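What follows is a set of notes on a single structure, which appears directly below.
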């Protein structure tokens, strides 16, 4: 049974449409990520689910109950905001226990639950510290513990890691996922960070201009995107125009300066498509043939363990591939050939 269902949710601000008829189901215990750029509608959807914004049409259903018209405090939904919103005049334990006391829990029951939450987020023995004495990552974990303590039906996370530096962000992200898994909490995370979404989510819903462009596991969106937008948003990609010439056990496509063989596809002969290539699936090759293109090295970028080779293809498109730093390096201006395997080819509608 789905913990959360959105049924045709639409939101508008005057004549502008922010969310256009979104349908979505989030399963019990699932970590679902709403991914999208600025203005895509992800925060608007989060506010609707939390009860802070009323949709123009549609239903919000929690555990089979229509909560569309209910205020936030009657939804049993907790939101972890970007700012964490901790109370500076309270210590860590009082911050975590605040929601429990608001729900009528008292005495030793609160103390035990707070201790459990401190252990869950690896802050044992820090209950008496002031918020100002904590690092950014520790504050994030306190905010998470406060949200999880009342055992909400649904936890909403509004880009909770955006204020942390990269190293702390990675470590805290792992703690966040582990805590949600241990608690069995159903969570909906909003982010614009594709790496975060790929690392955290059981499933991702990618929003584009108020519409869900694609929903699925991270691997599906990355490896089998439905269109150019999804392919480009989920990672670096090179897009080349192509025409289908043969379709059998493999699909043969013509490019401006070469030929591509891809896996079997339902596309008809003569159809114009886009061939997508992830740079990490492309390599330098010596032999000409299908699934290879000529180019010239435009430049090299050293990145420690790896080096990025920028290759300008004959068609004018720039392709960047990554090689180990200890691999032979082509020189800028050198003529090279890049190649890839048939299963690396993404066929996308234009």
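Below are the figures for this structure:
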quantity: Length added when fully stretched, residue 245-residue 219, from 0.36 nm per residue minus Cα-Cα; calculated: 6.5 nm
quantity: Rel. contact order, % - alpha carbon contacts under 8 angstrom, at least six apart, the chain; calculated: 15 percent
quantity: Estimated distance in nm for a label pair at residue 102 and residue 20, the labels positioned 7 Å out from Cα along Cα-to-Cβ; calculated: 3.7 nm
quantity: Cα-only Debye scattering, the stretch 86-190: base-10 log of I(q)/I(0) at q = 0.24 Å⁻¹; calculated: -1.47
quantity: Max mean-square fluctuation residue, GNM over the chain, Cα-Cα springs under 10 Å, options 145, 16, 197; calculated: 16
quantity: Efficiency of FRET between residue 202 and residue 52 - r from beta-carbon atoms, R0 30 angstrom, step 0.05; calculated: 0.75
quantity: Ellipticity estimate at 222 nm from DSSP helix runs (n ≥ 4, -39,500 (n - 2.57)) divided over the chain, nearest 500; calculated: -7500 deg cm²/dmol
quantity: Residue of 306, 79, 259 that the Gaussian network model of the chain assigns the largest fluctuation, springs spanning Cα pairs under 10 Å; calculated: 306
quantity: Gain in span if fully extended, residue 302 to residue 170, counting 0.36 nm per residue against the direct Cα distance; calculated: 45.2 nm
quantity: Extended-chain gain in nm, criterion 0.36 nm per residue less alpha-carbon gap, residue 119 and residue 151; calculated: 10.0 nm
quantity: FRET efficiency, 1/(1 + (r/R0)^6) with R0 35 Å, evaluated for residue 89 and residue 178 via beta carbons; calculated: 0.70
quantity: Diffusion constant of the stretch 236-348 at 4 °C, which comes from Stokes-Einstein with the Kirkwood Cα-pair radius and 1.567 mPa s, µm²/s; calculated: 90 µm²/s
quantity: Simple label model, 7 Å out from Cα along Cβ direction - residue 211 to residue 342, nm; calculated: 3.3 nm
quantity: Bins of 10 Å from zero: percent of alpha-carbon pairs in the chain; calculated: 5, 21, 24, 21, 16, 10, 3, 0
quantity: Calculated FRET value between residue 254 and residue 7, using beta carbons and R₀ = 30 Å, to 0.05; calculated: 0.10
quantity: Estimated distance in nm for a label pair at residue 61 and residue 287, the labels positioned 7 Å out from Cα along Cα-to-Cβ; calculated: 5.6 nm
quantity: Fewest-first sequence of 338, 309, 275 by Cβ atoms within 10 Å of each Cβ; calculated: 275, 338, 309
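Every read-out reported here was derived from the displayed coordinates using simple, explicitly stated rules and does not represent laboratory data. Just so it is clear, the model here is predicted, and its values are computed rather than measured. When we count neighbours, we look across all protein chains shown, and the Cβ atoms used for this are built from the backbone with ideal geometry, even at glycine.
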